[in-house]
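Taking it in order: structure first as structure tokens, then the write-up.
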Amino acid sequence: MNSYLVILVAGLGCYVLRMSMIGTDRVRLPARFDSSVALVAPAAFTALAVTTLAGILLDAGLAAGVNVHTVVATVPALLAIAAGMGVVFWTGKPFFAVLAGMPTFWLATALLSI
Amino acid sequence: VDVAKRIRDTNEGKIMKNQVRRDLIGGARAMAPWLLGVVPFGMLIGVSAAQASIPTAAGWLTGPTIYGGSAQIAAIQMLDAGAAPVAVIVTVLVISLRFVLYSAALAPYWRNTPLWWRLLGGYLLVDPSFVVGIERYGTEPDRRRAHTHYLGGAVLLWISWMLAIALGATVGAAVPASLHLELLVPLFLLGEIVPKLRDTATRRAALGSATVALVCLAVPMHLGIAIGIVAGIAAGSIAVRRKSPATDDTNGPAPADDETKVLATVPALSTEESHR
């Protein structure tokens, strides 16, 4: 199945979810469902973030080969994550993770390549 | 008599037109603050689409089809990683489950409306348009005016979202690979999670999701992400139920009405659309 088709099917599914309750008030969701729905975003964001980061770190490490450079190659990404999370924790502004993390990554990469 | 009737009809028509215009603009104005967060997020999705191995047009297509920031990111990231179609679709649907709640909350207001309106209104339903709409439906006794208000905000949001993704995709395609923009999305996602970790249920959901997703990293078809999400929701839900056993369906106090309950879920969810 090519990516266009996957996206179209996923989009159709999303549309069905949007339309699911419109037009009828007979179907009601259990109350316990409400609190679970609020947890979908944090759970999804975390799963996506950690798996993507694991992939990036594994790629960086494997590209460097199995030696001391394996660890060194992952340092810029790890520093970027630490800087991004630290700044967000300090400021409470989510977008600062990108604003602090990316420059840290570029700086660390430049310093390690000297 | 005919002339007088015609003049009266013309005047009423003008008044109606002005009212519709005012309501459309009112909805657009109510949506404007959301755009401050929505536009950069849309651009980020465009950049990730341009950097991914899938065609950039396919990445952009997630905008008009899936139309929900986090689900779009999930689809792009998973397709880029080579995940199985079923895993991508299941993940997108799990992330988009909240639309069922929004749909349930708006259903009473859209009853007896024409089918075309429900099809269009439902398509435009996403976190910011839901909030802008439901607030108006709660205060405006004239349903037709509330519908127009919803439409004004929702259409502005849709146009802004599509343009932002297209702009991000254009910019992202011109950025050299040495900048490693693939780090943008995970950083952004972590930034969204960190401020919410003070809440016990959210913390457990994040921790459970991260742990299971990492353990399942080697699971074929990238199903580990979907498994991680479900595990995280389960872990967080257990924390919620332990925290408030009195709010059980049968024993708890009288539940709030649908709108209040659904609105209570929006701030936590809508961050993915707006990251205010």
Enumeration of residues in region B:68-108 that are surrounded by fewer than 24 Cβ atoms within 10 Å (Cβ to Cβ) and not small (Gly, Ala, Ser): B:80, B:85, B:86, B:89, B:90, B:93, B:94, B:97, B:100, B:108
Every residue from region B:230-242 that is at the interface with chain A (Cβ under 7 Å from one of its Cβ atoms) and modelled with pLDDT under 85: B:240
Evaluation of residue B:65 against (1) within 9 Å of chain A (Cβ to nearest Cβ); (2) within 18 Å of residue A:49 (Cα to Cα); (3) of a type outside the set (Phe, Trp, Tyr) (one fails), failing number: (2)
Residue within region B:64-85 that is more than 12 Å from the chain's Cα centre (by Cα) and at positive phi present: yes
In region B:31-59, residue nearest to the chain's Cα centre (by Cα) [restricted to those that are β-branched (Val, Ile, Thr) and at pLDDT below 90]: B:38
Any hit, region B:150-165, residues being over 30 Å from residue B:59 (Cβ atoms) and either in contact (Cβ under 8 Å) with a residue 12 or more places away in the chain or more than 14 Å from the chain's Cα centre (by Cα) (or both): no
Residue match in region B:38-52 (condition: within 12 Å of chain A (Cβ to nearest Cβ), among the small types (Gly, Ala, Ser) and surrounded by fewer than 24 Cβ atoms within 10 Å (Cβ to Cβ)): yes
Breaking point among (1) modelled with pLDDT under 90; (2) in contact with a Lys or Arg (Cβ under 7 Å, 6 or more places away or on another chain), for residue B:149: (1)
Among (1) at the interface with chain A (Cβ under 7 Å from one of its Cβ atoms); (2) β-branched (Val, Ile, Thr); (3) touching a residue at least 60 places away in the same chain (Cβ under 8 Å); (4) closer than 20 Å to residue B:167 by Cβ, the one test that residue B:126 misses: (1)
Matching residues, region B:217-228, being modelled with pLDDT of 85 or more and within 14 Å of residue A:52 (Cβ to Cβ): B:217, B:228
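Quick one: in region B:86-102, which of the residues that are hydroxyl-bearing (Ser, Thr, Tyr) and within 12 Å of the chain's Cα centre (by Cα) is nearest to the other protein chains (Cβ to nearest Cβ)? Spell out the reasoning first.
Of region B:86-102, the ones hydroxyl-bearing (Ser, Thr, Tyr) are B:91, B:96, B:102.
Okay, now just the ones that are also within 12 Å of the chain's Cα centre (by Cα), so B:96, B:102.
Working: B:96: 5, B:102: 7 Å.
The selected residue is B:96.
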Where residue B:132 falls short, out of the listed (1) hydrophobic (A, V, I, L, M, F, W, C); (2) within 14 Å of the chain's Cα centre (by Cα); (3) at pLDDT 90 or above: (3)
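Looking only at region B:184-218, count how many residues are at the interface with chain A (Cβ under 7 Å from one of its Cβ atoms), of a type in the set (A, V, I, L, M, F, W, C) and within 23 Å of the chain's Cα centre (by Cα).
The initial filter retains those residues of region B:184-218 that are at the interface with chain A (Cβ under 7 Å from one of its Cβ atoms), namely B:184-196, B:201-202, B:205-206, B:209-210, B:213-214, B:217.
Now restrict to residues that are of a type in the set (A, V, I, L, M, F, W, C): B:184-185, B:187-190, B:193-194, B:201, B:205-206, B:210, B:213-214, B:217.
Then drop every residue that is not within 23 Å of the chain's Cα centre (by Cα), which leaves B:184-185, B:187-190, B:193-194, B:201, B:205-206, B:210.
Counting residues in region B:184-218 that are at the interface with chain A (Cβ under 7 Å from one of its Cβ atoms), of a type in the set (A, V, I, L, M, F, W, C) and within 23 Å of the chain's Cα centre (by Cα) gives 12.
The values are calculated or read from the model by the stated rules, or taken from the named source; none is laboratory data. Remember, predicted model here, so these are calculated numbers, not experimental data. Cβ coordinates were reconstructed from backbone atoms using ideal geometry, including for glycine residues, and neighbour counts include every protein chain displayed.
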